[in-house]
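Following: one structure in structure tokens, then a few remarks.
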Amino acid sequence: ETDEERLFRFLFQGYKERRLVTPLRNRSEPITVVFSAHLLGLAKVNEKEQSIKTHLWIKEEWYNPFLMWNPEEFGNITEIIVPANMIWVPDIILYNKGSTLFNTKVIIAFNGNNTWRSPAIYNTMCVLDVKYFPFDEQTCDLVFASWTRDISKLNLVTTSDTVPRSRRDSKLFQENEEWRVMFAKMKRYEVIFDWSEIPVADVTISVRLQRRTYYYVMNLILPCTLIACTIFLEFILPAESGERVGLGITILLSMAVFQELTSEKLPSSSEHFPLLGK
């Protein structure tokens, strides 16, 4: 029998029921979960549905006093890696829409520290204010909290107020063609939800986005401006030529086409109509 096999038998023999229980020796105190994130990129912004899709790495850390050992007794093994369904893990989820988490494993250190890392794809609701389209900036929040435990049972904390991003030259970085991520910040709150009379600890990641304007300037604003300038040609054309009415109708139809192109990009329920369309 290898040292690792002896260690697994030492830790998990009779542990099946205990994995369903929050790993606390003192039940009067909440378990503390340290939450952090790394932004890999912005996959999509859907103005019509008012949602964004982001790719992140999520990291959660907590202390489990029932999964500890002396490395000297097990061949100096200081950590092991186990499937997440073998032990207790916090039920931290994204509150403001859906997510896709990958089935990754948990790292257990000899001193009881547990670390769980997972890549994730999040589809998040985000109310977009398109008043200054296409020169607009948006702030979208991702709200993470325990689904079943209030702050008296689980204390969600973070050690940093910034969310690091992958470098542009990194193979992991995902550039968005239409939007630029300006920054991402993280902050802890205590919120009372409908289902709980006691506050729930949540960590909110705020992502600030800026629209790339080059495409809209070249394909929308500039053509509209040139078409609008042709209105003055009506006053230059001789009245007897009979082309004034035709030119006016052509300009009107052209502006209607560009108005339709603008409306296809914007949410129908936006509180503010874009100044560009007024």
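Any read-out appearing in this document is the output of simple, stated calculations on the displayed coordinates, not a laboratory observation. This one's a predicted model, so the numbers in the text were calculated from it and none came from an experiment. Quick reminder, even Gly has a Cβ in these numbers, built from the backbone with ideal geometry, and neighbours come from all protein chains shown.
Here are the numbers for this structure:
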| read-out | value |
| --- | --- |
| In degrees, nearest ten, helix 244-265 long axis to first principal axis of the chain (Cα) | 0 |
| Rounded to the nearest 20 debye, dipole of the chain from Cβ charges on Lys, Arg, Asp, Glu | 300 |
| Most fluctuating residue given options Phe235, Phe66, Phe133, as computed from a GNM of the chain linking Cα atoms under 10 Å | Phe235 |
| Residue among Phe110, Phe232, Phe183 with the largest mean-square fluctuation in a Gaussian network model of the chain, springs linking Cα atoms under 10 Å | Phe232 |
| Proximal lysine pairs, the chain, alpha carbons under 18 Å, eight or more residues apart or interchain | 16 |
| The chain: most fluctuating residue of Phe173, Phe144, Phe74 per GNM, C-alpha cutoff 10 Å | Phe74 |
| Cα-based convex hull, the chain, per residue volume (Å³, whole number) | 157 |
| Quotient of Cα Rg and 2.2 N^0.38 Å for the stretch 1-57, N being how many residues it contains | 2.03 |
| Charge dipole of the stretch 1-120 about the Cα centre (unit charges at C-beta), most positive-ward option of Tyr15, Pro30, Asn76 | Pro30 |
